[in-house]
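S.K.: Got a structure for you, written out below as structure tokens; questions coming shortly.
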Amino acid sequence: MISKIGVAVAFFMCFDLCISEIYVLDDEVGLGRVFDGIGGLSGGGATSRLLVDYAEPYRSQILDYLFKPQFGASLHILKVEIGGDAQTTDGTEPSHMHYESDTNFFRGYEWWLMKEAKKRNPNITLIGLPWAFPGWVGRGKNWPYEFPDITASYVVSWVVGAKQYHDLDIDYVGIWNERSFDSNYIKVLRNTLDKIGLTGVGIIAADGNWDVSKDMDVDPYLKDAVEVIGAHYPGTTTIAEALKSQKTLWSSEDYSTFNDPVGGGCWARILNQNYVNGHMTATISWNLVASYYEDLPFGRDGLMTAEEPWSGNYVVESPIWITAHTTQFSQPGWTYLKTVGHLTHGGSYVALTDSEGNLTVVIETMTHDHSVCIRPPLPAFSVTPQNVSFKLNGSFASIRELQLWQSKFDFKRQKHVFFKKLSPIKISNGSFSLSLDVDEVYTLTTINTGQKGSYPDPPPSAPFPKIYKDDFNIANPPFSEAPYFADQTGVFEYNMNLTDPGPHVFTLRQVVTQMPVTWTMDADQTISVIGDYNWQNLTVTCDVFMESVKTGGVFIAARVDKGGQDVRGAKGVFFWVFADGSYKVTNDLVGSTVLAKGLSGTGAYSWYTLSLTVQGQYATGMVNGEQLWKNDVVLGQNNGWAAIGTNSFELAQFDNFVIEVK
């Protein structure tokens, strides 16, 4: 027998949940803004660096999960870094013009990536944005706007080269990532594009906050020059001046969050609420794919993870399937309805339609603690289970059935379900109802072509090989980077040695000779890391060739503990030799903690074989088989990557690189 008190409690517990809130979807009241798509950002710090080193079929499988329509994330937009030879978060990307008289449109991997994306989705939108610039652009100043004509010509040459050498049409270019904008430069860039007939290439500004819209409000020429106002990590909101401009508004970089389920929840919330709250019609994830060493800054902040090309292992993370809820059922050119918004008991919904009358509705009920992004801070809010009903009006009133897809985050049992196709939902009298739990994403759509694509499981995860060798003997390398090397300052490229090569015909060469116009704090030394961050005891061997008599110096290293934008503070065991015939051993990249020093007999324009062995708290080093110091060097750093590098921005070559881990 149920008591009267029990009945009363049950009634009050049910009251909010059992009564459906009604939301109207109607196109007759007018339409909202045009949808421009969902995208990913490759670069902004060499974030796709390891992807190119995957063997087939795994590399193509990863690309399919990212770009193939009706398969995985099915991205609409690919944004890439216009390489500037400088550190830009997790590494450097090479410029197409190291020097003013130098042009090469085959450096790096962004050209390849754009072509692979275009191969899968011919309609994908392509965007280029500089983070840094080669030093010559600034004419010795760390500022790209001092000579706007030079900077604009440099950026436009990248756009022209993309078409001329790779048949890639770039749709948009940006200014200078997350740095001060210059109104005059933006107008010069627009004029430079227009002069050579690139009137269809739009300018996105300013890839920082919304402040450029304030200047556009009082400068009609600036307003005409900018096609899209792009902000980074806007917290789903805009400002009045941006809305007043009537310009297209994008979250041109967002997410930047560890790709565990909370990261998936962050992505689910902002994909909807960037439009609901901020009228942003595109959202671009930094980064596209976490394909860089995880112990670099912002490890695993991609839509999926592909950080082990040596094993072939990759992981399709939750953001891939959260993306699919929107991208597989709507396309750029669709239009948001005006009737979108927040759910009464937390969460949000958006609805989009196309010219053929299709309808796609995306609902999210992510709770606060399960949808926190790395930035900006997330204000408190609550979400509770709720019943909802949607009324279809206007041209949607005749719809009789909607396909239904669900993702359900289960943080208690860690049994998450992503992008599951459920039975279609029937429409009765123009209405349908749903019972929504917390931490869910639903797509309801007239589109019936969705697919949760899959491949056989990739190989299991495995550590970096304990014995690794590279003689760089590739006559026509597919990429300018040697496998697994991750440049952190400077650029190390495959090189054909045409001047008295001897046995060293093909080498790896550091080619940047001037401090770039930087985005973050580059080191004064160049360095490229490789291997396993957990390495402790190992021997690193490499042939080296210095090309500078006065400042020449190179190193091999072990236990290097920092990279990315923290590279200046890297500690480890660095074995240096110099063109003046000396050597030193330091515990840091900048060389402030000298552990040993003496004569090495080394000079410029000759090859030497260096060998560094670290064991426990001691190290030994040799040049051409001759030991320079004994085990009397006490080390400070316990683990880290192996590395090669130079004493300054100078030309130097490396060959016959070997790692043996004990």
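Just so it is clear, none of the values below were taken in a lab; they were calculated from the coordinates. Note that the coordinates shown come from a computational prediction; the quantities given were computed from them, not determined experimentally. All Cβ positions, glycine included, derive from the backbone under ideal geometry; neighbour counts span all protein chains shown.
S.K.: As I understand it, the dipole of the chain uses +1 on the Cβ of Lys and Arg and -1 on the Cβ of Asp and Glu, about the Cα centre. Which of Phe381, Leu422, Leu538 lies farthest toward its positive end?
M.R.: Leu422
S.K.: Going through the cross-link list Lys118/Lys163; Lys79/Lys408; Lys141/Lys214, which pairs have a Cα-Cα distance over 22 Å in this structure?
M.R.: With Cα atoms farther than 22 Å apart: Lys79/Lys408; Lys141/Lys214.
S.K.: Follow-up question, since we're still on this one. Once you sort the root eigenvalues of the Cα gyration tensor of segment 467-661 as a ≥ b ≥ c, which label holds: rounded (a/c under 1.5), prolate (a/b larger than b/c) or oblate (the other case)?
M.R.: Rounded.
S.K.: Over the chain, what is the mean sequence separation of C-alpha contacts under 8 Å (at least six apart), divided by residue count, expressed as relative contact order in percent?
M.R.: 15
S.K.: While we're here: Starting with the fewest neighbours, write out Val289, Val340 ranked by other beta-carbon atoms found within 10 Å of each beta-carbon.
M.R.: Listed from fewest to most nearby Cβ atoms, that is Val340, Val289.
S.K.: If I take every Cα pair under 8 Å that is 6 or more residues apart in segment 467-661, average their sequence separation and divide by the length, what percent do I get for the relative contact order?
M.R.: 31
S.K.: Sort the following peptides by mean Cβ neighbour count (other Cβ atoms within 10 Å, averaged over residues), highest first: 435-448, 385-398, 572-585, 34-47. Mind dumping the intermediate values first?
M.R.: Details: 435-448: 20.1, 385-398: 17.4, 572-585: 22.6, 34-47: 25.6.
Descending mean neighbour count gives 34-47, 572-585, 435-448, 385-398.
S.K.: By its C-alpha gyration tensor, with a ≥ b ≥ c as the square roots of the eigenvalues, how is segment 317-368 shaped: rounded for a/c under 1.5, else prolate for a/b larger than b/c, else oblate?
M.R.: oblate
S.K.: Over the Cα atoms of segment 310-446, each weighted equally, I'd like the Debye log10 I(q)/I(0) at q = 0.11, 0.15, 0.16 Å⁻¹, rounded to two decimals.
M.R.: Here log10 of I(q) over I(0) equals -0.44, -0.80, -0.90.
S.K.: Still on this structure, please answer the following. To make sure I understand, if each residue's beta carbon is the centre and we count other beta carbons within 10 Å, what order do Ser60, Ser480 fall in, fewest to most?
M.R.: By the 10 Å Cβ count, ascending, the order reads Ser60, Ser480.
S.K.: Let me ask something else. Tell me, Tyr605, Tyr494 in order of fewest to most beta-carbon neighbours within 10 Å?
M.R.: Least crowded to most crowded, the residues run Tyr605, Tyr494.
S.K.: Taking the Cα centre of segment 467-661 as origin and charging only Cβ (+1 Lys, Arg; -1 Asp, Glu), how large is the dipole, in debye to the nearest 20?
M.R.: That gives segment 467-661 a dipole magnitude of about 440 debye.
S.K.: Restricting to bridges with both residues inside the chain, how much of the DSSP beta-bridge set is antiparallel, in percent to the nearest 5? Please report the intermediate quantities before stating the final value.
M.R.: Details: 106 of 144 bridges.
Percentage antiparallel, nearest 5: 75.
S.K.: While we're here: Using helices alone, I'd like the mean residue ellipticity at 222 nm for the chain: each DSSP H run of four-plus residues gives -39500 (n - 2.57), total over residue count, nearest 500.
M.R.: For the chain, the value works out to -5500 deg cm²/dmol.
S.K.: Hey, another quick one. Take every Cα pair under 8 Å in segment 496-581 that's 6+ residues apart, average their separations, divide by the length, and report that relative contact order as a whole percent.
M.R.: 25
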